[in-house]
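**Student:** Here's a structure for you.
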Amino acid sequence: MSVQDIFNAINEFRDTEIVNLVQAEVDAGTDISEILDNGLIGAMDEVGKKFGEGLLFVPEMLMAAQTMKAGLEVIRPLLADSDTKPRGTVIIGTVKGDLHDIGKNLVAMMLEGAGFTIIDLGVDVEPQAFFDAAKENSAELVAMSALLTTTMPAMEEAVKLIKDAGLPTKMVIGGAPVTQAYADKISADGYSADAPGAVELARSLIPGD
Amino acid sequence: MKTHLQVLSKEECDKIHERTLYVLSHVGVKVDTAKGRAFLKKAGADVDENTHIVKISPDLVESSLKQVPRDLTLGARRSGADLKMNNGNCVLCMDGEASVIIDRKTGERRPSTFNDWLEGTRIGDAIDDFGMYWGLCEATDKEDTVGNYVNHLRYLFGNFSKHVQDPFDTADKALWLLEVLQVIFGDKEAIKKHHPFSFLLCPQSPLMIDEQYTDAYLELLGWDIPVAIMPMMLMGATSPGSMVSTIVQGNSEVMAMICLLQAASPGLPVLYAPILSIMDPRTGRLYAGAIENSIMSSAQVEMGRYYGLPVEGTAYNTDQYEPSIQAGYERALNGILPTLSWPDIMIAPGLLGGSMVMSLEQMIIDIEIFRLSKHARRGVVTDDDNWLEDVIAKTGPGGNYLMEMSTAKAIRSGEWYVSDFGMHDSYENWIAAGKKPLMEEAAEKVADLLNNYEPMPFTDDQNGELDKIQKRAEQNS
Ligand code: B1M
C-alpha cells in the first residue's frame, strides 16, 4: 500500500476501494498532508490535466472527483489537527429567477474535485443570500451562474452588495450568455466560459499555500 | 411510396410507455407548484407535501391521456393560416430566444434588440413555410415591465398573423395577455374555440415541474389555451446515458405535465414537444450539432404519434456560432431526419451556437434545408402519370426526353425540386455573375422581404383599444 495506490484509484475511479486505501495510509502513520497533496489532490490535478488534454470525458472526471471526495471524508476529521488546509471555500449558485443548474453543478463538482470546499446554494438564489453565505463562511470566492439574459443583472446586484460591504470575497461569474465583457462591466473579479476554466480561475484568485 | 424513416418499432414504443408508467408510479415527479400538487392530489395522485414528490399511477396516466383532444386546430389572425393538427401537414416555427445576433448589416456579433426581434418576426410572417411564431430573440434593450409586455404583444400580433406560441414568465402578465387577445380575436368563447395563442411549459429534467412558469400558465385556466410540453434534457447529464432511457424520461416528464394539466382543466389541448438532446462529454455542454439529437427528435415524433397527440418536433441545430460549412452540414443532417418523421410543427430555424445566436441569413438557409427535406420525404411517386414506359417506347434508344410534355409537366408538378437559392449554374456563368457568396444572397433575401413585405394591419378600432390597454399597462409598470 502506498500513496501511489490512492493516486491510481482516483485515476481509475475506484470509489469503492478508496476508503480502505486512505484508511490504510492513515493507519500506517503516513503524513496527512502527504496523503492529501500527493494522493488525493495530486490525483485530481492529474485528472484535471488529462481532462484539459481531451483524454478524459466529463463523466469520468466527475467520477474521479467523487472517488477523491470519498477519500477526503476519511481524513477530514484529521485535517483540523494537521497543518494542511483545504484550498478555500467557494459559495456557488444560480442567480435569482434562473433555474438552469446543469452548468452550475458541473462547476461545483469540478471545484470540489480540485480541493475547494463548496457551499452550493442551489438555483434561484437572491443576491442577499450570496452575501449572507459569503459573510457567514468567510468564503474566498462566490461563483454565480446565469443562463438567461434576464437574470444576469442579479449578478451585478450581488457583486455590488459584496463589494460595497468591503468583504474580501472574490466574485466570479459564468453561464452561456455571460461574457468577459459583462464581467468587466459589473466589476466581477473573473469570468470563465466553462467548468475547467472556473477551476483555473479559482486557483488564480485563491493562491494556495 | 413516401420516404419512410422509423427509429422505434411498435414494440419499442409499447416498452417506452410501460417504463414511463413505472417511472411515474415508482420514482415520481417533484412538483414545486402547490397549485399543481393540489390538482394532482384531487385527481388521485400520491402527493408528499414535504418532499413535493408526486407519484402517479398508471391509471391516472392513461385516463389523463384519454382526455387530451386529438382533434385540435391552432388558430391564426390571417384567414387560411389555421393549423389543423394530425392532418398530414408540417409547418416551421422559428427557434426561440437567442440573446445575441449576427448583425445583418455589419456582421458584428452583439446583444439582440427589440428591432432584431421585430425583423425576425416579420420575416417569419412573410415566409409561407412558417406556420407558427416563437420569439427568435430577446429584446435585451427593453426592460421587463408589463408596459413593455403589452407593447411586445401589440407588435407581435401586428406583425405576425399566423399562430403564436409565446410563453411568459410571471403570473401578472396573464391578465394583460387576455385583454390583448380579446381585442384581436374576440371574446372568451371565440378564443376558446379558435386557439389563436398557445403556451410553452418546460418541465425541468430530471423529473421536476417548476412553480414560476407553471403558475403563470395556470392563471390562464378556463381559456383553453393549448400548451406545448417541452422538457429539455441533456443525455448523460440530466437524463440517463442512453437514447432509449432519455426518451423514457422525456416521455415521463411530458406525461406528468399532461396529468397535471388534465387534472386542472380536463380536455385541455396539449402538444407533445420534448427536446431530447445530448451532452458533449468533453465539456458537459449542450452538444447541439450532434446527430443523436436528430435521431431522438425522430423518436420523439414517433412517440407523440404513438399516442395520437399533436407533435412539435425539433431540428436544425449546430454548435457553430456563425453560418459556415460546419453549421451547414450539422443543420442539414439534423434537419432531414426529424422532417422525414413529420411532426405537425417543426422548430427551429434561425439560431446558431446551441440556440444562443440569431442569424436571419441562417434562417433563409434553414428554410432551404426544410424544403429539400420535404422533397426527400416525397419519395418516389408512383401515380399512374409517372409510369412513362410509353414515352420510353416512343423515344426509343438514343433519343432524348427534353421535348416531351411529360417531362415539362413533371418539372412543374413537383417531381423536381427546382431551387431558387444557392449556386446551380455553369462555372462561366457563376464567374460572370460575380461569384456571389451564399451569405450575400441570403442577406439580399432578408433585405428584400423586410423592404417589401406588408404585415396585416389592425383595424382603427383595435388600435384604439390597444392604445388604451397599453396606457394602463404603462401606468402599472
Ligand atoms: C464562475 O462561475 C461560473 C463559471 C462557469 C460557468 C458557470 C459559473 N455557470 C456555467 N458555466 C460554464 O460552465 C459550464 C460547463 O462547461 C457551462 O454551463 P452551461 O449551463 O452553459 O452548460 C450546461 C453544462 C449545459 N447547458 C444547459 O444546461 C442549458 C441548455 C439549454 C438547452 C436549456 C435547458 C436545458 C433548459 N432550459 Co433553458 N435552456 C437553454 C439552453 C441552451 C444553451 N445553449 O445553453 C436556454 C439557456 N434556456 C432558455 C430559455 C428561454 C428558457 N429555459 C428555460 C428552462 C429550461 C429547462 C428547465 C427546460 C432546462 C434546464 C434544466 C436544468 N436543470 O438546468 C426557461 C427558463 C426557466 C428559468 N426560470 O430558468 C426558458 C425561459 C424557456 C421557457 N420559455 O420556459 C434560453 C435563454 C435565452 C436567453 N436569451 O436568455 C436558452 C439559450 C435556450 C433558447 N434559446 O431558448 C458554462 O456556461
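The values are calculated or read from the model by the stated rules, or taken from the named source; none is laboratory data. Here the structure is a predicted model, which is why all the values come from computation and not from measurement. A quick note on method: Cβ atoms are made from the backbone with ideal geometry, for glycine too, and the neighbour counts reach across all protein chains shown. Areas reflect the complete protein model, heavy atoms only, side chains present, ligands, DNA and RNA absent. Shrake-Rupley method; radii C 1.70, N 1.55, O 1.52, S 1.80 Å.
**Student:** How many of the residues making up region B:434-461 are open to solvent by 60 Å² or more (accessible area, probe 1.4 Å), not charged (D, E, K, R) and not in a loop (DSSP other than H, G, I, E, B)? Show your work before the answer.
**Tutor:** Filtering region B:434-461 for residues open to solvent by 60 Å² or more (accessible area, probe 1.4 Å) gives B:435-440, B:444-445, B:448, B:451-452, B:454, B:456-457, B:459-461.
From what's left, not charged (D, E, K, R): B:437-439, B:451-452, B:456-457, B:459.
Narrowing further to those that are not in a loop (DSSP other than H, G, I, E, B): B:438-439, B:451-452.
Summing the residues that are open to solvent by 60 Å² or more (accessible area, probe 1.4 Å), not charged (D, E, K, R) and not in a loop (DSSP other than H, G, I, E, B) in region B:434-461 gives 4.
**Student:** Determine if region B:236-253 includes at least one residue that is within 12 Å of the ligand (Cβ to nearest atom), open to solvent by 30 Å² or more (accessible area, probe 1.4 Å), within 14 Å of chain A (Cβ to nearest Cβ) and within 22 Å of B:Gln300 (Cα to Cα). Quick ask: steps written out before the conclusion?
**Tutor:** Residues of region B:236-253 that are within 12 Å of the ligand (Cβ to nearest atom), as a first pass: B:236-239, B:250, B:253.
Keeping just the survivors that are open to solvent by 30 Å² or more (accessible area, probe 1.4 Å) gives B:236-237.
Subset that is within 14 Å of chain A (Cβ to nearest Cβ): B:236-237.
From the residues that got through so far, the ones that are within 22 Å of B:Gln300 (Cα to Cα) too are B:236-237.
The answer is yes, given that some residue of region B:236-253 is within 12 Å of the ligand (Cβ to nearest atom), open to solvent by 30 Å² or more (accessible area, probe 1.4 Å), within 14 Å of chain A (Cβ to nearest Cβ) and within 22 Å of B:Gln300 (Cα to Cα).
**Student:** Another question, if that's okay. Quick one: in region A:148-166, of everything that is in a helix (DSSP H, G or I) and open to solvent by 50 Å² or more (accessible area, probe 1.4 Å), which residue is nearest to the ligand (Cβ to nearest atom)?
**Tutor:** At the first step, the residues of region A:148-166 found to be in a helix (DSSP H, G or I) are A:153-164.
Then drop every residue that is not open to solvent by 50 Å² or more (accessible area, probe 1.4 Å), which leaves A:153, A:156-157, A:160-161, A:163-164.
Numbers: A:Pro153: 12, A:Glu156: 14, A:Glu157: 16, A:Lys160: 17, A:Leu161: 17, A:Lys163: 16, A:Asp164: 21 Å.
By that ranking, first place goes to A:Pro153.
**Student:** Something else now. For residues that are assigned to a strand (DSSP E or B) and within 14 Å of another protein chain (Cβ to nearest Cβ), scanning just region B:90-127, find the one that is surrounded by the fewest Cβ atoms within 10 Å (Cβ to Cβ). Before the answer, list the steps.
**Tutor:** Initially, region B:90-127 is screened for residues assigned to a strand (DSSP E or B), giving B:91-93, B:98, B:100-102, B:109-111.
Filter once more, keeping what is within 14 Å of another protein chain (Cβ to nearest Cβ): B:98, B:100-101, B:109-111.
Working: B:Ala98: 28, B:Val100: 25, B:Ile101: 26, B:Arg109: 14, B:Arg110: 12, B:Pro111: 18.
Checked region B:90-127; the qualifying residue surrounded by the fewest Cβ atoms within 10 Å (Cβ to Cβ) is B:Arg110.
**Student:** Considering (1) more than 8 Å from the ligand (Cβ to nearest atom); (2) open to solvent by less than 30 Å² (accessible area, probe 1.4 Å); (3) within 12 Å of another protein chain (Cβ to nearest Cβ), say which one A:Thr169 fails and leave the rest.
**Tutor:** Here A:Thr169 clears every test but (3).
**Student:** Given B:Leu261, B:Leu286, which one is over 16 Å from the mean Cα position of the chain (by Cα) and within 14 Å of chain A (Cβ to nearest Cβ)?
**Tutor:** Values: B:Leu261 fails: within 14 Å of chain A (Cβ to nearest Cβ).
Only one candidate passes the filter, namely B:Leu286.
**Student:** Taking the options B:Ser198, B:Ser161, name whichever one is within 22 Å of the chain's Cα centre (by Cα), within 16 Å of the ligand (Cβ to nearest atom) and open to solvent by less than 30 Å² (accessible area, probe 1.4 Å).
**Tutor:** Details: B:Ser161 fails: within 16 Å of the ligand (Cβ to nearest atom).
Of B:Ser198, B:Ser161, the one residue that is within 22 Å of the chain's Cα centre (by Cα), within 16 Å of the ligand (Cβ to nearest atom) and open to solvent by less than 30 Å² (accessible area, probe 1.4 Å) is B:Ser198.
The rows are residues; the columns are (1) over 18 Å from B:Tyr306 (Cα atoms); (2) free of Cβ contacts under 8 Å to residues at least 60 places away in the same chain.
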residue: B:Lys2; (1), (2): yes, no
residue: B:Val7; (1), (2): no, no
residue: B:His26; (1), (2): yes, yes
residue: B:Thr33; (1), (2): yes, no
residue: B:Leu40; (1), (2): yes, no
residue: B:Asp46; (1), (2): yes, yes
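**Student:** Moving on to the next point. Could you list, in sequence order, all residues of region B:207-229 that are over 16 Å from B:Cys259 (Cβ atoms), in a loop (DSSP other than H, G, I, E, B) and touching a helix residue (DSSP H, G or I) at 6+ places or on another chain (Cβ under 7 Å)?
**Tutor:** B:Glu219, B:Leu220, B:Trp223, B:Asp224
**Student:** Got a sec? Which of B:Lys173, B:Lys192 is part of a helix (DSSP H, G or I), within 15 Å of the ligand (Cβ to nearest atom) and either surrounded by fewer than 23 Cβ atoms within 10 Å (Cβ to Cβ) or within 14 Å of chain A (Cβ to nearest Cβ) (or both)? Break it down into steps so the answer makes sense when it comes.
**Tutor:** On the way: B:Lys192 fails: within 15 Å of the ligand (Cβ to nearest atom).
That would be B:Lys173, the only listed residue that is part of a helix (DSSP H, G or I), within 15 Å of the ligand (Cβ to nearest atom) and either surrounded by fewer than 23 Cβ atoms within 10 Å (Cβ to Cβ) or within 14 Å of chain A (Cβ to nearest Cβ) (or both).
**Student:** In region A:175-182, is there at least one residue being in contact (Cβ under 8 Å) with a residue 40 or more places away in the chain, within 7 Å of the ligand (Cβ to nearest atom) and either surrounded by fewer than 22 Cβ atoms within 10 Å (Cβ to Cβ) or of a type outside the set (Ser, Thr, Tyr) (or both)? Before the answer, list the steps.
**Tutor:** Initially, region A:175-182 is screened for residues in contact (Cβ under 8 Å) with a residue 40 or more places away in the chain, giving A:175-176.
From what is left, the residues that are within 7 Å of the ligand (Cβ to nearest atom) are A:175-176.
Still in the running and either surrounded by fewer than 22 Cβ atoms within 10 Å (Cβ to Cβ) or of a type outside the set (Ser, Thr, Tyr) (or both): A:175-176.
Scanning region A:175-182, I find at least one residue that is in contact (Cβ under 8 Å) with a residue 40 or more places away in the chain, within 7 Å of the ligand (Cβ to nearest atom) and either surrounded by fewer than 22 Cβ atoms within 10 Å (Cβ to Cβ) or of a type outside the set (Ser, Thr, Tyr) (or both), so the answer is yes.
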